[in-house]
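Working notes, structure below.
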Amino acid sequence: ILKQRLEEIRKCLGAKSPLAVIFLCGSTLEGILLGVASSKPKDFNMAKASPKDRDGKVLQFQDWKLANFIDTSCELNLLGEDVKKFSHALRDFRNYIHPYEQMASRFDPDQHTAEICWKVLQAAISQLSK
């Protein structure tokens with residue numbers, strides 16, 4: 001699925017569909033980080049940044065937000081501080097999937113914004129691959 005999404009991102013970049021690129025990049029980053037967390041559950045669950053319920057119990061991965069995966073991946077030195085900050089920006093842009101949010105902020109992304117988001121995803125993949 002993630003390989004298909006990466007290919008779809010490339011197609012959307014070529015088709016000059018920046019909003020689709022942004023949504024796909026954010027979603028793909030979340031899927032990749034979920035996969036990494038699933039392969040290292042003990043590390044992710046023991047991290048200080050892991051989200052917890054009211055009783056202090058770590059949430060199941062399915063209940064984590066993209067922000068939680070980003071922060072925990074950085075804490076575990078899987079992502080650098082630079083990619084962490086840019087990934088949060090990508091996450092913020094991805095949240096424009098909600099039309100009201102996009103309208104309220106007058107967000108109208110262009111191809112440059114899409115390419116920046118694509119670069120952020122590529123940087124995260126590169127760091128996670130090390």
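Here are the numbers for the structure shown:
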| item | result |
| --- | --- |
| Protection proxy ranking, peptides 120-130, 70-80, average beta carbon neighbours within 10 Å, highest first | 70-80, 120-130 |
| Size of region 1-82 as Cα extents on the principal axes (Å, biggest first) | 47, 24, 20 |
| Accessible-area order (highest first, 1.4 angstrom probe) of the listed residues I22, I32 | I32, I22 |
| Helix 18-39 vs. the chain, principal-axis angle (Cα, 0 to 90°, nearest 10) | 20 degrees |
| FRET E, pair A123, H88, Förster distance 22 Å, beta-carbon r, rounded to 0.05 | 0.95 |
| Inter-probe distance in nm under a simple model that places probes 7 Å from Cα toward Cβ, at Q102 and E115 | 2.2 nm |
| The chain: relative contact order as a whole-number percent, Cα under 8 Å and 6+ apart | 33 percent |
| Rh (Kirkwood; distinct C-alpha pairs) - region 19-130, Å | 14.5 Å |
| Per the chain, cysteines lacking a partner by the 4.7 Å Cβ criterion | C12, C74 |
| C117 accessible area, assembled protein chains, probe 1.4 Å, Å² | 0 Å² |
| Probe 1.4 Å - accessible area at K65, Å² to nearest ten | 140 Å² |
| Accessible surface, 1.4 Å probe, highest first, among residues W118, W64 | W118, W64 |
| Between helix 111-129 and the chain: long-axis angle, C-alpha atoms, 0 to 90°, nearest 10 | 30 degrees |
| Rounded to 10°, Cα long-axis angle of helix 2-14 versus longest principal axis of the chain | 30 degrees |
| Note, ³J(HN,Hα) from phi for region 68-79, Karplus 6.51, -1.76, 1.60, rounded to Hz, x at Gly and Pro | 5, 5, 5, 4, 5, 4, 5, 4, 7, 6, 8, 10 |
| Ellipsoid semi-axes in whole angstrom, largest first, where each is sqrt(5λ) of the Cα gyration tensor of region 67-116 | 25, 13, 6 |
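The values are calculated or read from the model by the stated rules, or taken from the named source; none is laboratory data. Fair warning: this is a prediction, and the values are worked out from it, not measured in the lab. Heads up, the Cβs are rebuilt from the backbone with ideal geometry, glycines too, and the neighbour counts pull from every protein chain shown. With ligands, DNA and RNA removed, areas are computed over all heavy atoms of the protein, side chains included. Shrake-Rupley method; radii C 1.70, N 1.55, O 1.52, S 1.80 Å.
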